[in-house]
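Asks: Handing you a structure now.
The values are calculated or read from the model by the stated rules, or taken from the named source; none is laboratory data. Small disclaimer: the values here were computed from a predicted structure and weren't measured. Note that each Cβ is placed from the backbone with ideal geometry, even for glycine, and that neighbours are counted across all protein chains shown.
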Amino acid sequence: MAVEVINLAEREADRAMAKTIREITIEVGDLSGIEADSFESALGLLAKDSILANALINIKKTPGTGRCNSCNYEFNMSQRMATCPKCQAFPSEVSGGQEFILMSLVIE
Amino acid sequence: MCETCGCGKPGEFTIHDPNQAHDHEHSSDHKHDHEHSNDHVHDHDHPHDHEHDPWHSHEHDHDHGHSHGSSHDQSQKRLIDLNLDILSENNRLAQLNRRFFEGRKVLCLNLVSSPGSGKTTILEKTIIALKHSCKMFVIEGDQQTQLDAKRIEKAGSRAVQINTGSGCHLDARMIESALKKLDIDSSSILFVENVGNLVCPAMFDLGEHKRVVVISVTEGDDKPLKYPNMFMTSHLCLINKSDLLPWVDFNTEETIKHARSMNPGLEFIIVSAKTGEGMNLWFEWLSKQAESVISPLKL
């Protein structure tokens, strides 16, 4: 995943004719399937030999949210299989927190 | 002219993501309507209570003389808002693979599992049983060694091995390169045996028609709960090593219940690649898939 991010950042920096990337912001949802902390350390390691060598890496975590299929109640969801805290129905649909997005770059 | 997204004057620096609708939901705390016509008259109130990023110069033609507290002369640093799905490049290549399969009438199945669930044995037995019904090809993915590809070739199918090194999954680009080497016949089945890992392979579309997750009864019936993504993105679950059921604490009903609670359409077949139990059902399932892409298999 970290390699994908570096490739994308390289491509976009090229397009923008940037000399270097100063900052990169990535959004990782709690329910995206990506473990944000291990992803961050992997990216940190691989960044050293890449265009991201001098970049500040921001990982923005977004909380998982779910919507109950029975009563439509929206709630914070820490895992996919969650019962509705209001009516106890099961299952609930994931409504947020699945993002894995390269949000922005600061280039020079 | 909005410099964040570049809308407005032509010739300015802009990055668009073709996969994203250009609806101007800025990712910063910066939301404004952009239904502007060519002459770009902003007659709306612009309270400017959003936070300004220092690199984010924001010139509007309207005259309300606000001053940003930040310096705008900080060399040539520029913020570019991308909002790019990180897997979009893989998804694009997967789509190309999918078109290739459609053009050649190749049924492509992506087999995923933990290491040691018996994927290779299932494939060997499938190739031996069906090699007179249909041409089959295999792309093997492992971090190291050619062992699996050799086993497949011995069973009677052409195989190529992808060694991912430190990588823990196959991606669409690897499949594309493997296809160049494989020289696959039309009207055939391509099995992709993914790297043994229930996490990352779930995120990478290879262009397959169907995804088959294999678990073995020695692994425990809580696998679907622990690795939901994989079970949510699969079409069929093969529960392998059924010959060991009398000796292990594996609750088949519980496994199916857990997996279907997140993916109600998931099909299940219980097999033992070793004894052959249930393999007929797997072959029938294969034939059904082949029917929609090539023609039914002569079992």
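Asks: Just one of the numbered conditions (1) touching a Leu at 6+ places or on another chain (Cβ under 9 Å); (2) of a type in the set (Val, Ile, Thr); (3) part of a helix (DSSP H, G or I); (4) surrounded by fewer than 21 Cβ atoms within 10 Å (Cβ to Cβ) is not true of B:THR121; which one?
Replies: Of the numbered conditions (1) touching a Leu at 6+ places or on another chain (Cβ under 9 Å); (2) of a type in the set (Val, Ile, Thr); (3) part of a helix (DSSP H, G or I); (4) surrounded by fewer than 21 Cβ atoms within 10 Å (Cβ to Cβ), the odd one out for B:THR121 is (1).
Asks: Which members of segment B:92-114 meet the condition of being within 14 Å of chain A (Cβ to nearest Cβ) and surrounded by 16 or more Cβ atoms within 10 Å (Cβ to Cβ)? It would help to see each step written out before you state the result.
Replies: Here is the first cut: in segment B:92-114, the residues within 14 Å of chain A (Cβ to nearest Cβ) are B:92-94, B:112.
Correct list: B:LEU93, B:ALA94, B:VAL112.
Asks: Here is a check on your reading of the model: is A:GLY33 within 11 Å of chain B (Cβ to nearest Cβ), surrounded by 14 or more Cβ atoms within 10 Å (Cβ to Cβ) and on the phi > 0 side of the Ramachandran plot? Working first, answer last.
Replies: Details: within 11 Å of chain B (Cβ to nearest Cβ): yes; surrounded by 14 or more Cβ atoms within 10 Å (Cβ to Cβ): yes; on the phi > 0 side of the Ramachandran plot: yes.
Taking the combined requirement at face value, the residue satisfies it.
Asks: Now a separate question. Considering only segment B:257-284, state which residues are closer than 18 Å to B:SER216 by Cβ and among the hydrophobic types (A, V, I, L, M, F, W, C). Break it down into steps so the answer makes sense when it comes.
Replies: Keep residues of segment B:257-284 that are closer than 18 Å to B:SER216 by Cβ, which gives B:258-259, B:266-279, B:281-282.
If the condition is that a residue be closer than 18 Å to B:SER216 by Cβ and among the hydrophobic types (A, V, I, L, M, F, W, C), then B:ALA259, B:LEU266, B:PHE268, B:ILE269, B:ILE270, B:VAL271, B:ALA273, B:MET279, B:LEU281, B:TRP282 are the ones that fit.
Asks: Let me ask another. Of everything in segment A:67-78, what is out of contact with any Leu (no Cβ under 8 Å at 6 or more places or on another chain), surrounded by 13 or more Cβ atoms within 10 Å (Cβ to Cβ) and closer than 28 Å to A:SER41 by Cβ? Give them in sequence order.
Replies: A:ASN76
Conditions (1) under 17 Å from the mean Cα position of the chain (by Cα); (2) hydroxyl-bearing (Ser, Thr, Tyr), marked per residue:
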| residue | (1), (2) |
| --- | --- |
| A:ASN7 | yes, no |
| A:GLU23 | yes, no |
| A:SER32 | yes, yes |
| A:GLU35 | yes, no |
| A:LEU56 | yes, no |
| A:PHE90 | no, no |
| A:LEU105 | yes, no |
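Asks: Looking at segment A:90-108, which of its residues are within 12 Å of chain B (Cβ to nearest Cβ), more than 18 Å from A:GLU35 (Cβ to Cβ) and either assigned to a loop (DSSP other than H, G, I, E, B) or without any contact (Cβ under 8 Å) to a residue 60 or more places away in the chain (or both)?
Replies: A:PHE90, A:PRO91, A:SER92, A:GLU93, A:GLU108 - these are the residues of segment A:90-108 that are within 12 Å of chain B (Cβ to nearest Cβ), more than 18 Å from A:GLU35 (Cβ to Cβ) and either assigned to a loop (DSSP other than H, G, I, E, B) or without any contact (Cβ under 8 Å) to a residue 60 or more places away in the chain (or both).
Asks: Inspect segment B:210-220 for any residue being surrounded by 17 or more Cβ atoms within 10 Å (Cβ to Cβ) and more than 28 Å from B:ASP243 (Cβ to Cβ) and give the result as yes or no.
Replies: no
Asks: Right, next: Specify which of the listed residues (A:MET1, A:MET81) is free of Cβ contacts under 8 Å to residues at least 12 places away in the same chain and either in contact with a Pro (Cβ under 9 Å, 6 or more places away or on another chain) or under 19 Å from B:ALA202 (Cα atoms) (or both).
Replies: Result: A:MET81 is the single residue among A:MET1, A:MET81 that is free of Cβ contacts under 8 Å to residues at least 12 places away in the same chain and either in contact with a Pro (Cβ under 9 Å, 6 or more places away or on another chain) or under 19 Å from B:ALA202 (Cα atoms) (or both).
Asks: So, one more: When segment A:88-106 is examined, which residues are found to be more than 30 Å from A:GLU10 (Cβ to Cβ) and either surrounded by 14 or more Cβ atoms within 10 Å (Cβ to Cβ) or charged (D, E, K, R) (or both)?
Replies: If we filter segment A:88-106 for residues that are more than 30 Å from A:GLU10 (Cβ to Cβ), which is where we start, we get A:88-95.
Of everything in segment A:88-106, those that are more than 30 Å from A:GLU10 (Cβ to Cβ) and either surrounded by 14 or more Cβ atoms within 10 Å (Cβ to Cβ) or charged (D, E, K, R) (or both) turn out to be A:PRO91, A:SER92, A:GLU93, A:VAL94, A:SER95.
Yes or no, residue by residue, for (1) more than 9 Å from chain B (Cβ to nearest Cβ); (2) crowded, with 19+ Cβ neighbours inside 10 Å; (3) touching an Asp or Glu at 6+ places or on another chain (Cβ under 6 Å); (4) among the basic types (Lys, Arg):
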| site | (1), (2), (3), (4) |
| --- | --- |
| A:LEU8 | no, yes, no, no |
| A:ASP14 | yes, no, no, no |
| A:ILE26 | no, yes, no, no |
| A:GLU40 | yes, no, no, no |
| A:LYS48 | yes, no, no, yes |
| A:ILE57 | yes, no, no, no |
| A:GLY64 | yes, yes, yes, no |
| A:ALA82 | yes, no, no, no |
| A:PRO85 | yes, no, no, no |
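Asks: Inspect segment B:70-83 for any residue being modelled with pLDDT under 95, within 14 Å of another protein chain (Cβ to nearest Cβ), touching a Phe, Trp or Tyr at 6+ places or on another chain (Cβ under 8 Å) and under 25 Å from B:TYR227 (Cα atoms) and give the result as yes or no.
Replies: No, every residue in segment B:70-83 fails to be modelled with pLDDT under 95, within 14 Å of another protein chain (Cβ to nearest Cβ), touching a Phe, Trp or Tyr at 6+ places or on another chain (Cβ under 8 Å) and under 25 Å from B:TYR227 (Cα atoms).
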